[in-house]
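The values are calculated or read from the model by the stated rules, or taken from the named source; none is laboratory data. All values reported here derive from a predicted model rather than from experimental measurement. When we count neighbours, we look across all protein chains shown, and the Cβ atoms used for this are built from the backbone with ideal geometry, even at glycine. All accessible areas refer to the heavy atoms of the entire protein, side chains included, with ligands and DNA or RNA removed. Shrake-Rupley method; radii C 1.70, N 1.55, O 1.52, S 1.80 Å.
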Amino acid sequence: ACGLGFLSLLCVSAGLCKTRPTDLVFIIDSSRSVRPSEFEQVKVFLAKVIEGLDVGPNATRVGVVNYASRVKNEVSLKTHRTKAGLVKAVTKIEPLSTGTMTGLAIQFSLNVAFSEAEGARKSNEISKVAIIVTDGRPQDNVKEVAQRARDAGIEIFAIGVGRVDMSTLKQMASDPLDDHVDYVESYSVIEKLTKKFQEAFCVSDLCATGDHDCEQVCISSPGSFKCACKDGFTLMDDGRSCSACSNSATDVVFLIDGSKSVRPENFELVKKWINQIIDKLDVSDSKAHVGLVQYSSSVRQEFPLGRYNNKKDLKDAVKKMAYMERGTMTGQALRYLTDNSFGPGQGARPGVTKVGIVFTDGRSQDYIGDAAKKAKEHGFKMYAVGVGNAVEDELKEIASEPTGEHYFYTADFKTMTQIAKKLQINICQEEDPCECDSLVKFQKKVEDALQALTKKYILYDNMSKRIALLENKIV
């Protein structure tokens, strides 16, 4: 299957999965709080979503409702039957630049935009979907009218931008809310939601769409997949990752951005993400040790390396981490990691591989260059993970070489689970030359013993032949 409701809409048109006929209406806020340049970014977002649809009179029909204090039906479901025509019509939409009557816009969509007169289809086989994009608090009631729209069979997605009221988004959206409510910090990143939708919603061939967590080889099966490894590698117990060597002792420290821009609900998702990675580690006294540091305008150690040596206690401690808020001093946090977290006084073990995993959702408010360089000069294996407004150049500066394997970025906190699946901490133990010498000596002893046995066998064989010869003469 290609997903449910709107999930089936955004499957890529490259034949990876099939779309089903849908009546889709965008409901876009163009109130005075939306600047003209920001409204242009909304139109780019609409156009990119439309490009991923199977548009046609018997496939997906698209409408656009524009609202502020009043409502304007910009594009009817019956008007344009091609992508080119739709995109051209979207580019011509102008902002209304007055108030924010979101409830009125939903009521209009229910009564007019989704009516048969405007091109909506009556068949139960045709999905009805509304995508609302807004950046403010409505000046009217949305809860009751949104419920009426949902009761009429319209699946509602709510996208909030900037200082939007999150409770209002939840009142409008369909269940489950995790799938139907999205938030972005600014209009400049709204376009990134297109990619998120396409990755998350088109799942017919999970291997082909990249919607899997296999480290090396993905093998498709109907609606599912299984993982395998290349020659010379072994599939690990998690059924996903591959290793060419045994797990060795590792000290892992998470350096987590707890600044105000993360927001409380997203900080909970970050904690779940940390525990996903912990699940993949071989945590014990002799193998992986984990430490946790949170930072904002200051740095706070949540717990040092070695305090917890089993996954349950570690994950419970992560869940209890309290959100700091305030600024984003990533450089200061990196210095703390180098000077304190990986020191013997904080539980670090000498001669053990050190791994730092840095998470941030925005631009650092201090200089990171020297601290990032120092961490790598100390031989630490550094991973950099960014979400939302994180700066990719900063992530690359933090990450170890090759950077392509050590830095990760996603536009949305809800898709962090994909990064947890891809981030592999496989450390191979260096060969012990002493063990190697011992192995060579053992092999030499075996070879000498085999040679001695061979000589004895030849001697025994010669003696057997002589005895047989003497027996024949006697007879």
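Observations on the model:
- Selection over the stretch 393-426 of residues that are part of a helix (DSSP H, G or I), open to solvent by 20 Å² or more (accessible area, probe 1.4 Å), under 17 Å from Phe267 (Cα atoms) and of a type outside the set (Val, Ile, Thr) gives a count of 3.
- Gln107 vs. criteria surrounded by fewer than 23 Cβ atoms within 10 Å (Cβ to Cβ), assigned to a loop (DSSP other than H, G, I, E, B) and in contact (Cβ under 8 Å) with a residue 12 or more places away in the chain: no
- Unique residue being buried (at least 16 other Cβ atoms within 10 Å of the Cβ), modelled with pLDDT of 90 or more, under 26 Å from the mean Cα position of the chain (by Cα) and under 15 Å from Phe267 (Cα atoms) when the list is Gly356, Gly291, Gly327, Gly362: Gly327
- Search result, residues across the stretch 325-347 that are aliphatic (A, V, I, L, M) and either under 17 Å from Ile357 (Cβ atoms) or not assigned by the TED database to the domain that holds Val385 (or both): Ala333, Leu334, Leu337
- Just one of (1) at pLDDT below 80; (2) surrounded by fewer than 17 Cβ atoms within 10 Å (Cβ to Cβ); (3) closer than 29 Å to Val318 by Cα fails for His212. It is (2).
- Every residue from the stretch 44-67 that is crowded, with 17+ Cβ neighbours inside 10 Å and in a loop (DSSP other than H, G, I, E, B): Gly52, Leu53, Asp54
- Arg70 fulfils the conditions (1) modelled with pLDDT of 95 or more; (2) buried (at least 22 other Cβ atoms within 10 Å of the Cβ) except for a single criterion, (2).
- The stretch 297-353 - residue that is aliphatic (A, V, I, L, M) and in a helix (DSSP H, G or I) and, of those, nearest to Asp370 (Cα to Cα): Leu334
- Condition met for Ser261 (closer than 27 Å to Met329 by Cα, out of contact with any Lys or Arg (no Cβ under 8 Å at 6 or more places or on another chain), modelled with pLDDT of 85 or more and not in a strand (DSSP E or B)): yes
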